[in-house]
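Colleague: The structure follows.
The values are calculated or read from the model by the stated rules, or taken from the named source; none is laboratory data. Everything numeric here is computed off the predicted structure, so don't read it as measured data. Positions of Cβ are backbone-derived with ideal geometry, glycine not excepted, and every protein chain shown enters the neighbour counts.
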Amino acid sequence: MNVLTSKHWSPYAVGAGIGVLSWFAFWSADHPLGVSSVMVRLVAVVENAVAADHVAATPYLAKLKPFFDWEFALVIGLVLGAWASARLGRSGGGEPVAQGRAWEAVIGGFLLLFGARLAGGCTSGHGISGSLQLAVSGWVFFICIFISGMATAFLVKRGEQ
Amino acid sequence: MFDTVPRILLGLLTGFLFGFLLQRGRVSDRRVIVGQFLLRDFTVMKVMLTAIVVGGAGVYAMHAAGLTKLFVKPAQMAAVPVGGLIFGVGMVLLGYCPGTAVAAAGEGKRDAWLGLAGMVLAAAVFAELAAGFSKSIMAWANLGPVTLTDVTGVSAWVWLGGLGLAALLLFRWLERREEHS
């Protein structure tokens, strides 16, 4: 079977691939893999178009210049890569979203990114890139998401799956 | 506004490969992610631990050869755990983390697009509060950019070797258990 069109790859192969991709990112871009700060970059771009003074007066946004950087491009590439993979493997696709699920997704996304920015990274930036450098911050984050994630899952998701 | 063209192209290429890997690894499927937190599906753990051990070995080898710096984030022992605990709740409710939500959005999953809307909203709110947080919770108990080697005195290679061995034992146990079920 053609490896490019097989629906799934072994999680070990995918993990090793992400590890090697980390080497490439460190070496080629002087930058670890990370995603969550790009959401702030997106906010900076939009606010800069409508209220540039406010962005200039908000160090958390102003310090991100140039807004459209390697990491921003990484996230655009991520959308395209996942799209190409799903097309080649004939998986994915849009299922309709029930109203309750829609609110759950928006609120979940809000908590996810608020938590990531407070902690200073997400599953990629802390969980993988931080942990692989043996950063104390990465391992503390990794352990904490499992504690609250398991508690939440056993409380509200147990019956769903 | 824009970074240099070579860096933009490198970012696009790296992201493309990252998205391809996440989608093929099934971690852009929210049943797989929620299944991990319910301890029913260990795909997320297999992907992450393998990435950490393989990535860590290469990055530390490149660092020893002078080919890369390390980019260790500060161990803010109040903000990181609190942020992580909030993140875990969000990850289970949404069913994705930021990277896998972007991948799932690329696949066309509509709940992932809604999750991204919530994320952008949180980013806008956080940007307004960041100055206050940086003087309070993010400054509390900040140990700086320390690694496990810094705090224990045990070499990075011993840590990575130990992690690799622990991961192999866990994977062997998981594969045997999955064979029987």
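Colleague: At the interface with chain B (Cβ under 7 Å from one of its Cβ atoms) and in contact (Cβ under 8 Å) with a residue 24 or more places away in the chain: is that true of A:GLY121 in this structure?
Modeller: yes
Colleague: Pull up the range B:1-17, narrow it to residues that are at pLDDT below 95 and facing chain A (nearest Cβ under 7 Å), then point me to the one that is surrounded by the fewest Cβ atoms within 10 Å (Cβ to Cβ).
Modeller: So the residue we want is B:MET1.
Colleague: Something else now. Could you look through the range B:130-144, keep only residues that are outside any loop (DSSP other than H, G, I, E, B) and surrounded by 14 or more Cβ atoms within 10 Å (Cβ to Cβ), and pick out the one that is farthest from the other protein chains (Cβ to nearest Cβ)?
Modeller: The extreme case among them is B:ASN142.
Colleague: Could you list, in sequence order, the residues of the range A:124-153 that are crowded, with 24+ Cβ neighbours inside 10 Å, free of Cβ contacts under 8 Å to residues at least 60 places away in the same chain and more than 23 Å from B:PHE133 (Cβ to Cβ)?
Modeller: A:SER131, A:LEU134, A:ALA153
Colleague: Residues A:ALA52, A:ALA56, A:ALA44: which one is more than 7 Å from chain B (Cβ to nearest Cβ) and touching a Phe, Trp or Tyr at 6+ places or on another chain (Cβ under 6 Å)?
Modeller: A:ALA44
Colleague: Moving to a separate point now. Scan the range B:28-44 and report the pairs whose first residue is more than 18 Å from A:ALA151 (Cβ to Cβ) and whose second residue is part of a loop (DSSP other than H, G, I, E, B) and of a type in the set (Asp, Glu), with Cβ atoms within less than 9 Å and a gap of 6+ or a chain change.
Modeller: Hits for this filter: B:ARG31/B:ASP41; B:VAL32/B:ASP41; B:THR43/B:ASP29.
Colleague: A:LEU42 is checked against (1) surrounded by fewer than 20 Cβ atoms within 10 Å (Cβ to Cβ); (2) of a type outside the set (D, E, K, R); (3) not in a helix (DSSP H, G or I) and fails just one. What number does that condition carry?
Modeller: All conditions are met except number (3).
Colleague: Would you check which residues across the range B:18-36 are assigned to a helix (DSSP H, G or I), within 7 Å of chain A (Cβ to nearest Cβ) and crowded, with 21+ Cβ neighbours inside 10 Å and list them?
Modeller: Hits for the range B:18-36 are B:PHE18, B:GLY19, B:PHE20, B:LEU21, B:LEU22, B:GLN23, B:ARG24, B:VAL34.
The rows are residues; the columns are (1) within 8 Å of another protein chain (Cβ to nearest Cβ); (2) buried (at least 24 other Cβ atoms within 10 Å of the Cβ); (3) among the polar types (S, T, N, Q); (4) part of a helix (DSSP H, G or I).
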| position | (1), (2), (3), (4) |
| --- | --- |
| A:ASN2 | no, no, yes, no |
| A:HIS8 | yes, no, no, no |
| A:GLY15 | yes, yes, no, yes |
| A:PHE24 | yes, no, no, yes |
| A:SER28 | yes, no, yes, yes |
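Colleague: I'm trying to understand the selection: among the residues of the range B:45-87, which are in contact (Cβ under 8 Å) with a residue 12 or more places away in the chain and of a type outside the set (A, V, I, L, M, F, W, C)?
Modeller: B:LYS46, B:THR50, B:GLY56, B:TYR60, B:LYS73, B:PRO74, B:GLN76
Colleague: Another one. I'd like the full set of residues that are more than 9 Å from chain A (Cβ to nearest Cβ), farther than 17 Å from B:ILE52 by Cα and either surrounded by 12 or more Cβ atoms within 10 Å (Cβ to Cβ) or hydrophobic (A, V, I, L, M, F, W, C) (or both), limited to the range B:145-177.
Modeller: B:THR152, B:VAL154, B:TRP173, B:LEU174, B:GLU175
Colleague: Continuing with the same structure: Which is surrounded by fewer than 24 Cβ atoms within 10 Å (Cβ to Cβ) and modelled with pLDDT under 95, of A:GLU104, A:GLU95?
Modeller: None of the other options fit; the residue is A:GLU95.
Colleague: Another one. Under 26 Å from B:GLY55 (Cβ atoms) and at pLDDT below 95: does that describe A:SER36?
Modeller: yes
Colleague: Would you mind telling me which numbered condition in (1) in contact with a Gly (Cβ under 7 Å, 6 or more places away or on another chain); (2) in a loop (DSSP other than H, G, I, E, B); (3) surrounded by fewer than 20 Cβ atoms within 10 Å (Cβ to Cβ); (4) not β-branched (Val, Ile, Thr) B:TYR96 fails?
Modeller: Unmet condition: (3).
Colleague: Still on this structure, I have one more. Picking from A:ALA116, A:ALA86, which residue would you name as being farther than 23 Å from B:ALA122 by Cβ, in a helix (DSSP H, G or I) and facing chain B (nearest Cβ under 7 Å)?
Modeller: Going through A:ALA116, A:ALA86 in turn, the sole match is A:ALA86.
Colleague: Also: Of the residues in the range A:45-76, how many are assigned to a loop (DSSP other than H, G, I, E, B) and polar (S, T, N, Q)?
Modeller: 1
Colleague: Output the residue which, of all residues in the range B:54-90 that are more than 7 Å from chain A (Cβ to nearest Cβ) and part of a helix (DSSP H, G or I), is surrounded by the fewest Cβ atoms within 10 Å (Cβ to Cβ).
Modeller: Step by step, filter the range B:54-90, then rank; the result is B:ALA64.
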